[in-house]
Amino acid sequence: MATVFKTAEKAKGSSDNKVKDKRINKQRVMLLASRGIVFRYRHLLTDLEGILPHSKKDSKLDTKDNLFVLNELADLNNCNNCIFFEVRKRQDLYMWMAKTPNGPSVKFHVQNLHTLDELKMTGNCLKGSRHILSFDKTFDSAPHWQLLKELLSQVFNVPKGSRRSKPFIDHVLTFSIADNRIWFRNYQIVEKNKDNTPGFTTKDKGDVSLVEIGPRFCLTTIRIFEGSFGGPTVFENPEFVHPNFVRAAMLKDKKEKYQKRQHAMGERKVRIKQSEGQESELSDKRIFQ
């Protein structure tokens, strides 16, 4: 009997070790936005919710200063990742992406935004299906790009068997770097059979193409923090220019252009007045009846 109990305990211990060795991906993402979000950014948030079936959408956050509250909200929603849309002046969109509650976190400036409704692409995929993540080789060129690659892969990677996810893959999410910015694209995987023959199987070689679905946007890295929504700065982008300075420069150019036009009109009036000849003494202004 003792030997039977020992063998049973060994079998149980080996099964426990197998369970411990088996890595289970339990990533969940919380999506929410700040007050004052406009319809285009709200539609982008809805599109991201459709792409990420392991996400959970929360109500709007009333504060823009004390962002540490997001760690508690993520804990209450049983999420270990967070995407927060911070809207300033109802026109500037900043995307916070963080690993809660310990970090790291990054703040992006979103530009060149096009939602699914705006693009109206021909591609289509099933809602809730899993996707393949494709990263540019430039992500391995610098430490901050490697950190962003790891953060993006953990946030956008849909775990196998997660809630609301379908057990197959039919689209690709691409992250490429150009002009020191991250460009996001979503493509559908389209497989065409060989001459549309009925005897075609998956083992045969068919044409595989990518058709863009959307949405699409561009992310400019502003700052990477060690903690979640704060903490020491790990990386700061020296090439980033705040949108307020860009708008101020544009207004200044318009002002200078208007001043130059007014100055040119004043000089033209002076030239016209100087070009007028003086009245001759012999001229007769009398009106004959």
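Worth pointing out:
- Cβ pairs under 7 Å, 6+ apart, first in the stretch 153-171 and in contact (Cβ under 8 Å) with a residue 12 or more places away in the chain, second basic (Lys, Arg) and exposed (fewer than 15 other Cβ atoms within 10 Å of the Cβ): PRO159/LYS26
- Within the stretch 151-181, being over 21 Å from PRO215 (Cβ atoms) and loosely packed, with under 14 Cβ neighbours inside 10 Å holds for LYS160, GLY161, ARG163, PRO167, PHE168, ASN180.
- Residue within the stretch 51-60 that is hydrophobic (A, V, I, L, M, F, W, C), within 22 Å of GLU150 (Cβ to Cβ) and open to solvent by 10 Å² or more (accessible area, probe 1.4 Å) present: yes
- A single entry from GLU226, GLU256, GLU236, GLU276 fulfils the requirement of being of a type in the set (D, E, K, R) and surrounded by fewer than 10 Cβ atoms within 10 Å (Cβ to Cβ): GLU276.
- Long-range neighbours under 7 Å by Cβ, at least six apart or interchain, first residue within 15 Å of CYS218 (Cβ to Cβ) within the stretch 113-129, second among the aliphatic types (A, V, I, L, M) and assigned to a helix (DSSP H, G or I): LEU113/LEU44; THR115/LEU44
- Residues satisfying the stated conditions in the stretch 122-148, i.e. among the aliphatic types (A, V, I, L, M) and over 19 Å from the mean Cα position of the chain (by Cα): LEU126, ALA142
- Residue check, SER141 closer than 26 Å to ALA33 by Cα and at pLDDT below 95: no
- Top-ranked residue of the stretch 81-104 - restricted to ones that are open to solvent by less than 40 Å² (accessible area, probe 1.4 Å) and over 14 Å from the mean Cα position of the chain (by Cα), ranked as modelled with the lowest pLDDT: GLY103
- Long-range neighbours under 7 Å by Cβ, at least six apart or interchain, first residue among the charged types (D, E, K, R) within the stretch 78-91, second crowded, with 19+ Cβ neighbours inside 10 Å and outside any loop (DSSP other than H, G, I, E, B): GLU86/SER34; GLU86/TRP96
- The strands (runs of 3 or more DSSP E) located wholly in the stretch 76-152 that include 1 or more residues which are closer than 20 Å to ASP179 by Cβ occupy 92-99, 105-114, 129-135.
- Taken together, the criteria place THR46 among residues that are open to solvent by 60 Å² or more (accessible area, probe 1.4 Å), modelled with pLDDT of 90 or more, outside any strand (DSSP E or B) and farther than 18 Å from ILE222 by Cβ.
Here's the yes/no breakdown for (1) in a strand (DSSP E or B); (2) more than 26 Å from MET30 (Cβ to Cβ); (3) in contact with a Pro (Cβ under 6 Å, 6 or more places away or on another chain); (4) at pLDDT 85 or above:
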residue: ILE169; (1), (2), (3), (4): yes, no, no, yes
residue: ILE182; (1), (2), (3), (4): yes, no, no, yes
residue: GLN188; (1), (2), (3), (4): yes, yes, no, yes
residue: LYS194; (1), (2), (3), (4): no, yes, no, no
residue: PRO198; (1), (2), (3), (4): no, yes, no, no
residue: THR201; (1), (2), (3), (4): no, yes, no, no
residue: ASP204; (1), (2), (3), (4): no, yes, no, no
residue: LEU210; (1), (2), (3), (4): yes, yes, no, yes
residue: PHE217; (1), (2), (3), (4): yes, no, no, yes
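The values are calculated or read from the model by the stated rules, or taken from the named source; none is laboratory data. As the structure is a prediction and not an experimental result, all values here were calculated from the model. Note that each Cβ is placed from the backbone with ideal geometry, even for glycine, and that neighbours are counted across all protein chains shown. These area figures cover heavy atoms from the full protein model, side chains too; ligands, DNA and RNA do not enter into them. Shrake-Rupley method; radii C 1.70, N 1.55, O 1.52, S 1.80 Å.
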